[in-house]
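Step one of this worksheet: look at the structure below.
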Amino acid sequence: MQYDVVIIGNGPAGLTAGIYGKRAGLSTVIVSDNPMSGGQIATTYEVDNYPGLPEIGGMELGDKFEEHAKKLGVEFCQGLVSAIEDAGDHKVLVTDQGNIEAKTVVIATGAKHRKLGIPGEKELTGMGVSYCATCDGAFFRNKEVAVVGGGDVALEDAIFLARFASKVYLIHRRDEFRGAVVLQDQVRANDKIEVIYDTVVDEVLGKFSVEGIRITNKKSGESRELPLQGVFMAVGTQPNIDDISGLPEQDAGGYLIAGEDCATSISGIYAAGDVRTKQLRQVITAASDGANAITSIERYLNGQN
């Protein structure tokens, strides 16, 4: 069978594209190697910035997206995509479960956590080094931890971890945060959180588990060790497309170059959600991309672009 559209990824962008695809009368299939829908929000304790659903859990929101798509008849296929091949009038998705043919493709694979690449980080991942505060925060009850970063995720992580930890160091390499002002206010108002500006983490210390970190103040050059039991990395993301060949043009950060219409440098291939170049990467913008991608696909299939 040849589909009208195949969507790679089952996060908010991919699921919204599936919903809009079926509503447009297009034969639609979503392919992902992750059996749990929702993408990054599936590991988010609380989503407070999606309109109409304040304080909803991330996993619950992901489930609602999936339920909506399935109710409309979107097909789901579990598989790992390794290549997108151009077959002239259609595309071929190469997966570990076989090939899938479609007239168009929406790449909605999202993004993954960026690593610092410092000594001890890889060796102690899962032994005190974490990239998901909501997944692992409860393991650090009454312990001292650090969060590294300065954006929304870092601020949210520090606030969340303060519910469990006895002390939270929030370490940022600049002298001011990039995150939302409302989150900054909550951080500053929390007695458990100590902010350390202008500082980088040089090394994670410990043999069998995290015992501390070595940090350096960028302005003074002073280095010191902080004894603690957990380090949560929140230093951004990178597009989750490392293992797929046949991709459209990317920017210096590896994100697929696409505008609000989600069209890429390859005709018939669209990029939606966190994987594409954009100003804001949140659930609401990912969902918007899913809708825009299908609108562009409708025009493409009707010969309008």
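Among Val74, Val81, which is the only one that is over 17 Å from Asp242 (Cα atoms) and crowded, with 20+ Cβ neighbours inside 10 Å?
Val74
Condition check ((1) part of a loop (DSSP other than H, G, I, E, B); (2) closer than 23 Å to Pro119 by Cβ; (3) touching a His at 6+ places or on another chain (Cβ under 6 Å)) across all residues:
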| site | (1), (2), (3) |
| --- | --- |
| Ala138 | no, no, no |
| Val145 | no, yes, no |
| Gly150 | yes, yes, yes |
| Val182 | no, no, no |
| Asp185 | no, no, no |
| Val195 | no, no, no |
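Failed condition for Val6, given (1) modelled with pLDDT of 90 or more; (2) buried (at least 20 other Cβ atoms within 10 Å of the Cβ); (3) within 17 Å of Ala286 (Cβ to Cβ), with all others met?
All conditions are met except number (3).
Would you confirm whether or not the stretch 225-238 contains a residue that is exposed (fewer than 14 other Cβ atoms within 10 Å of the Cβ) and over 25 Å from the mean Cα position of the chain (by Cα)?
Scanning the stretch 225-238 turns up at least one residue that is exposed (fewer than 14 other Cβ atoms within 10 Å of the Cβ) and over 25 Å from the mean Cα position of the chain (by Cα).
Taking Val200 as the residue in question, decide whether it is β-branched (Val, Ile, Thr) and touching a Pro at 6+ places or on another chain (Cβ under 8 Å).
Criteria not met by Val200.
Out of the residues in the stretch 175-202 that are under 23 Å from Leu228 (Cα atoms) and basic (Lys, Arg), which is surrounded by the most Cβ atoms within 10 Å (Cβ to Cβ)?
Lys192
Can you report the number of residues in the stretch 296-305 which are surrounded by fewer than 21 Cβ atoms within 10 Å (Cβ to Cβ), assigned to a helix (DSSP H, G or I) and either hydrophobic (A, V, I, L, M, F, W, C) or in contact with a Lys or Arg (Cβ under 8 Å, 6 or more places away or on another chain) (or both)?
Number of matching residues: 1.
Considering only the stretch 84-123, give the strands (runs of 3 or more DSSP E) lying wholly within it that have at least 3 residues that are in the same structural domain as Leu247 (by TED's automatic domain parsing), more than 30 Å from Ile215 (Cα to Cα) and within 24 Å of the chain's Cα centre (by Cα).
By residue number, 91-95, 98-107.
Considering the stretch 41-58 alone, what residues qualify as being loosely packed, with under 14 Cβ neighbours inside 10 Å and more than 16 Å from the chain's Cα centre (by Cα)?
Listed by number, the residues that qualify are Asp48, Pro51, Gly52, Pro54, Glu55.
Thr95 passes all but one of (1) closer than 20 Å to Ile241 by Cα; (2) surrounded by 21 or more Cβ atoms within 10 Å (Cβ to Cβ); which number fails?
(2)
Name the single residue that is farthest from Ala286 (Cα to Cα) among those in the stretch 119-140 being surrounded by fewer than 18 Cβ atoms within 10 Å (Cβ to Cβ) and either in contact with an Asp or Glu (Cβ under 7 Å, 6 or more places away or on another chain) or basic (Lys, Arg) (or both).
Once the filter is applied, the top-ranked residue is Pro119.
Which one of Gly62, Gly58, Gly137, Gly128 is at positive phi and not aromatic (Phe, Trp, Tyr)?
The match here is Gly128.
Can you tell me which residues in the stretch 49-79 are of a type in the set (A, V, I, L, M) and outside any helix (DSSP H, G or I)?
Matches in the stretch 49-79: Leu53, Ile56, Leu72, Val74.
Pairs under 7 Å by beta carbon, first residue buried (at least 24 other Cβ atoms within 10 Å of the Cβ) in the stretch 271-292, partner in a loop (DSSP other than H, G, I, E, B) and of a type in the set (S, T, N, Q), six or more apart or different chains?
Ala271/Thr264; Val275/Thr109; Val275/Asn240
Pairs please, first residue from the stretch 230-245 and charged (D, E, K, R), second anywhere and in a loop (DSSP other than H, G, I, E, B) and surrounded by fewer than 16 Cβ atoms within 10 Å (Cβ to Cβ), Cβ atoms under 8 Å, 6+ apart in sequence or on different chains.
Asp243/Leu80
Could you check the stretch 124-133 and list, in sequence order, the residues that are in contact with a helix residue (DSSP H, G or I) (Cβ under 6 Å, 6 or more places away or on another chain) and either outside any loop (DSSP other than H, G, I, E, B) or more than 14 Å from Phe164 (Cβ to Cβ) (or both)?
Ser130, Ala133
The values are calculated or read from the model by the stated rules, or taken from the named source; none is laboratory data. These numbers come from a predicted model, not from an experiment. Backbone-built Cβ (ideal geometry, glycine too); neighbour counts: all protein chains shown.
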